[in-house]
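A single structure is presented below for examination.
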Amino acid sequence: MRPIRAACLGTATTLVALLAGTPVTAAATDTGSAHAKGGDRVITVIGHLAQQTRHPVNPNGPAAQGDRTVVRSELFDKYDKKHVGWTHGTCTTTLAEENGGVEECIVTYVLPGGQLTVQGLVFGILTNGKPTTPPPSFDNAITGGTGKFDRARGQVHADTIGPGKRRFTIDLDR
């Protein structure tokens, strides 16, 4: 049996290190990204997991539907040098299966000039009943924002680049 603490790690770590809070400079902008479309604005940031708390449905049992993970991360520019913001979010397990698993995540990115809200599913969080290592990549939708991100739309692509560390490519539709 595997506690949920391990089950949610993949998704939580995935969503954890998203966006920024200090002015996002040209160093954080990457218009040459493979994920960029047309005239979209692309921001690349590196997220470091700062805090993660798991709330399992079955504290001493296997992963279960309804397990929840709360995460917070620090965001840095694409060179991983300058602090540019934070992320705050939750992930809820919607499918707990031995090989696969799915979590629904809602994350807010605190950035210079406003916030972005991001939501979506993360697939493949479990392998043989344990967290997938490294956590899977994912694409989630930008569902809105505040300030200079008012009415924002687009997507966020995340890749694990080290333990507790992810690269987030934020593709804002114009």
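Every number here is computed from the coordinates shown, using simple stated rules; none is lab data. Source: prediction; values computed, not measured. Quick reminder, even Gly has a Cβ in these numbers, built from the backbone with ideal geometry, and neighbours come from all protein chains shown.
Taking amide hydrogens as modeled 1.01 Å from N in the peptide plane, which residues meet the under 5 Å criterion relative to Asp80, leaving out close sequence neighbours?
Those lying under 5 Å, H to H, from Asp80 are Ile46.
Assuming 0.36 nm per residue, please report the length gained on full extension of the stretch Phe123 to Arg151 beyond their Cα-Cα distance.
7.4 nm
Another one. Per residue of the stretch 53-62, what does 6.51 cos²θ - 1.76 cosθ + 1.60 with θ = phi - 60° give for ³J(HN,Hα)? Whole Hz please, x for Gly and Pro, Karplus curve as stated.
Computed from phi, the couplings for the stretch 53-62 are 10, 9, 10, x, 5, 10, x, 10, x, x Hz.
Starting from the amide H of Arg41, placed 1.01 Å from N in the peptide plane, find each other amide H under 5 Å away whose residue is 5 or more places distant or on another chain.
Long-range HN contacts for Arg41: Leu172, Arg174.
Report, ordered by chain and residue number, the lysines lying within cross-link reach of Lys148, taken as a straight Cα distance under 28 Å and ignoring same-chain residues fewer than 8 apart.
Reachable lysines: Lys37, Lys78, Lys81, Lys82, Lys165.
Right, something else. Between Asn99 and Asn60, what's the calculated FRET efficiency when r is the beta-carbon distance and R0 is 22 Å? Round to 0.05.
Rounded to the nearest 0.05, the efficiency is 0.50.
Using R₀ = 41 Å, calculate the FRET efficiency as 1/(1 + (r/R₀)^6) where r is the Cβ-Cβ separation of Asp173 and His48; round to 0.05.
Rounded to the nearest 0.05, the efficiency is 0.90.
Choose one of Thr90, Pro136, Phe123: the residue whose Cα lies farthest towards the positive end of the charge dipole of the stretch 45-164 (beta-carbon charges +1 Lys, Arg; -1 Asp, Glu; about the Cα centre).
Thr90
Per-residue HN-Hα couplings for the stretch 83-100, Karplus 6.51 cos²θ - 1.76 cosθ + 1.60 at θ = phi - 60°, whole Hz, x for Gly and Pro?
Ordered by residue, 3J(HN,Hα) equals 5, 10, x, 9, 10, 9, x, 9, 10, 10, 6, 10, 9, 10, 10, 3, 10, x Hz.
How large is ³J(HN,Hα) for each residue in the stretch 105-121, as worked out from phi by the Karplus curve 6.51 cos²θ - 1.76 cosθ + 1.60 (θ = phi - 60°), to whole Hz, x for Gly and Pro?
The phi angles translate into 10, 10, 9, 10, 9, 9, 10, x, x, x, 10, 10, 9, 9, 8, x, 9 Hz.
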